[in-house]
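Peer 1: A single structure is presented below for examination.
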Amino acid sequence: MRAAVLTGLEQVVLEERPEPEAGPGWVVVQVESASLCGTDVHQYDGRIDTPFPRVPGHDFAGRVDSVGEGVDESWVGRAVAVKPSLPCGQCPECISDKPFDCKKKKLIGLWSDGCLTERIAVPVVNLIPRPDGVEAWQASLLEPLAVGLNTVDRLRIVLGESVVVLGQGPIGLALTRLCALSGAGKLIVTDAREAPFAVSRPYGATDCIDVTQTDATQAILDLTDGVGADIVIETSGFPSSSAMVLDAVRKEGKVAHIGWANDLPPLPVIPIMAKTLTVYGVGGNGGRGQYERSLELVRSGRIDLDPVVTHRFSLDDVAEAFAVASSKTDGAIKVIVSP
């Protein structure tokens, strides 16, 4: 079968790989749609360490092709979304049938070969049945929503609070929509491009700041009467964005860090203490119902994913897909690859 393989920095090629096999408790999924995530792009550009060669990708949906020992045969042919973090299967949590409390979970495509291939083996516990009305391409976009839900669950936004979302990539846009649904009052977003703001505004943003044209920290302070926002969420993973978080939040406010890359600066402790801040580190989607709730938000129409998808490619054109996702040319936001 064909698979996209990262062979080095900014190098991705198609290779023939052996067909996957479903071991006990596992299934093989025929991949129908995969979306490129910021993690994939940072593996490609070197901002996240990756052992090469590596088949990247963790956001995907498809149909169950075959099942392993101990798995109900009724899964075969079912449309599914797939949770991207593999439980270890050996720790006390896994043994006691709590795989999503596993402390050793590892992301598909980063710690093991991923979904940018025609078929992939995954544990049956990672499957979520895909309901009627949710297409494969929509189900391959659930992780940004799940990460966003994990964030708003922890922040516990109060109706009318001012919220800043730094970065309007897929996770940032998901958070913009989720914060609006959660009752944020003034909802300020930033990005280094104008293109995402065409989605941010209908998603609920009240103010959009282009950081290439404006001092973003000062603009946020001006919009919050000099006090700073109640909540600041950093999603971009860029050092300059991470560095401004503590200046943009009010005293006794809350901040959340989601964006991930090797070159992020350390958080200074004294400003956190001086402002009596609550700081949340959000390392993923949470894995405790966030995927299922994201699927329901899409099914119910609460979140329209169509505006986020700007580019679609076949697996044959995966090199171009990565180049577009990395450079963000032609207003790229979310790039989908269909094997």
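Peer 1: Quickly run through region 92-120 and pick out the residues that are in a helix (DSSP H, G or I), within 12 Å of G287 (Cα to Cα) and not hydrophobic (A, V, I, L, M, F, W, C). Before the answer, list the steps.
Peer 2: Going residue by residue through region 92-120, those that are in a helix (DSSP H, G or I) are 92-95, 99-101.
Okay, now just the ones that are also within 12 Å of G287 (Cα to Cα), so 99-101.
Hits for region 92-120 are P99, D101.
Peer 1: Restricting to region 34-92, and then to whatever is of a type in the set (S, T, Y) and in contact with an Asp or Glu (Cβ under 8 Å, 6 or more places away or on another chain), can you tell me which residue is farthest from G148 (Cα to Cα)? First the steps, then the outcome.
Peer 2: Our first condition is that a residue be of a type in the set (S, T, Y); within region 34-92, this holds for 35, 39, 44, 50, 66, 74, 85.
Going one step further and asking which of them are in contact with an Asp or Glu (Cβ under 8 Å, 6 or more places away or on another chain), we end up with 35, 44.
Numbers: S35: 17, Y44: 24 Å.
Ranking the candidates gives Y44 first.
Peer 1: Can I ask one more? Of all the residues that make up region 68-92, how many are open to solvent by 30 Å² or more (accessible area, probe 1.4 Å) and either over 26 Å from the mean Cα position of the chain (by Cα) or at pLDDT 95 or above (or both)?
Peer 2: Qualifying residue count, region 68-92: 11.
Peer 1: Return yes when V255 is in contact (Cβ under 8 Å) with a residue 24 or more places away in the chain, closer than 26 Å to P239 by Cα and open to solvent by less than 20 Å² (accessible area, probe 1.4 Å) and no when it is not. Reasoning before the result, please.
Peer 2: Values: in contact (Cβ under 8 Å) with a residue 24 or more places away in the chain: yes; closer than 26 Å to P239 by Cα: yes; open to solvent by less than 20 Å² (accessible area, probe 1.4 Å): yes.
Yes, satisfied.
Peer 1: Going by what's in this entry, would L116 be described as open to solvent by less than 30 Å² (accessible area, probe 1.4 Å), at pLDDT 95 or above, of a type in the set (A, V, I, L, M) and more than 30 Å from L223 (Cα to Cα)? If you could, list the steps in order and put the result at the bottom.
Peer 2: On the way: open to solvent by less than 30 Å² (accessible area, probe 1.4 Å): yes; at pLDDT 95 or above: yes; of a type in the set (A, V, I, L, M): yes; more than 30 Å from L223 (Cα to Cα): yes.
So L116 fits the description; yes.
Peer 1: I would also like to ask the following. Kindly indicate the residue of region 221-249 that is open to solvent by less than 10 Å² (accessible area, probe 1.4 Å) and part of a loop (DSSP other than H, G, I, E, B) and also modelled with the lowest pLDDT among those meeting that condition.
Peer 2: Checked region 221-249; the qualifying residue modelled with the lowest pLDDT is G237.
Peer 1: Take the residues in region 121-132 that are assigned to a strand (DSSP E or B) and over 21 Å from E19 (Cα atoms); name whichever of them is least open to solvent (accessible area, probe 1.4 Å). Write out each step before concluding.
Peer 2: Initially, region 121-132 is screened for residues assigned to a strand (DSSP E or B), giving 121-123, 127-129.
Then drop every residue that is not over 21 Å from E19 (Cα atoms), which leaves 128-129.
Numbers: I128: 9, P129: 59 Å².
For region 121-132, the residue satisfying everything is I128.
Peer 1: Hey, among E19, E10, E32, which residue is under 15 Å from D317 (Cα atoms) and not polar (S, T, N, Q)?
Peer 2: Numbers: E19 fails: under 15 Å from D317 (Cα atoms); E32 fails: under 15 Å from D317 (Cα atoms).
Result of the check over E19, E10, E32: E10.
Peer 1: So, of the residues in region 206-220 that are in contact with a helix residue (DSSP H, G or I) (Cβ under 7 Å, 6 or more places away or on another chain) and under 18 Å from A256 (Cα atoms), which turns out to be surrounded by the most Cβ atoms within 10 Å (Cβ to Cβ)? First the steps, then the outcome.
Peer 2: The initial filter retains those residues of region 206-220 that are in contact with a helix residue (DSSP H, G or I) (Cβ under 7 Å, 6 or more places away or on another chain), namely 207-209, 217, 220.
If we keep only those that are under 18 Å from A256 (Cα atoms) too, we end up with 217, 220.
On the way: T217: 18, I220: 26.
Per the stated criteria, the residue is I220.
Peer 1: Consider only pairs whose beta carbons are under 7 Å apart and that are at least six residues apart or on different chains; among these, list those whose first residue lies in region 1-29 and is in contact (Cβ under 8 Å) with a residue 24 or more places away in the chain and whose second residue is surrounded by 12 or more Cβ atoms within 10 Å (Cβ to Cβ) and of a type in the set (F, W, Y).
Peer 2: As it stands, the answer is L6/Y44; E10/Y44; V12/Y44; V12/F322; V27/W75, since those pairs meet every condition given.
Peer 1: If you take the residues in region 168-198 that are in contact with a helix residue (DSSP H, G or I) (Cβ under 6 Å, 6 or more places away or on another chain), modelled with pLDDT of 95 or more and assigned to a loop (DSSP other than H, G, I, E, B), which one is least open to solvent (accessible area, probe 1.4 Å)?
Peer 2: Q168
The values are calculated or read from the model by the stated rules, or taken from the named source; none is laboratory data. Only a predicted model underlies this, so the values are computations on that prediction, with no experimental measurement involved. Don't worry about glycine lacking a Cβ; one is built from the backbone with ideal geometry, like all the others, and counts go over all protein chains shown. These area figures cover heavy atoms from the full protein model, side chains too; ligands, DNA and RNA do not enter into them. Shrake-Rupley method; radii C 1.70, N 1.55, O 1.52, S 1.80 Å.
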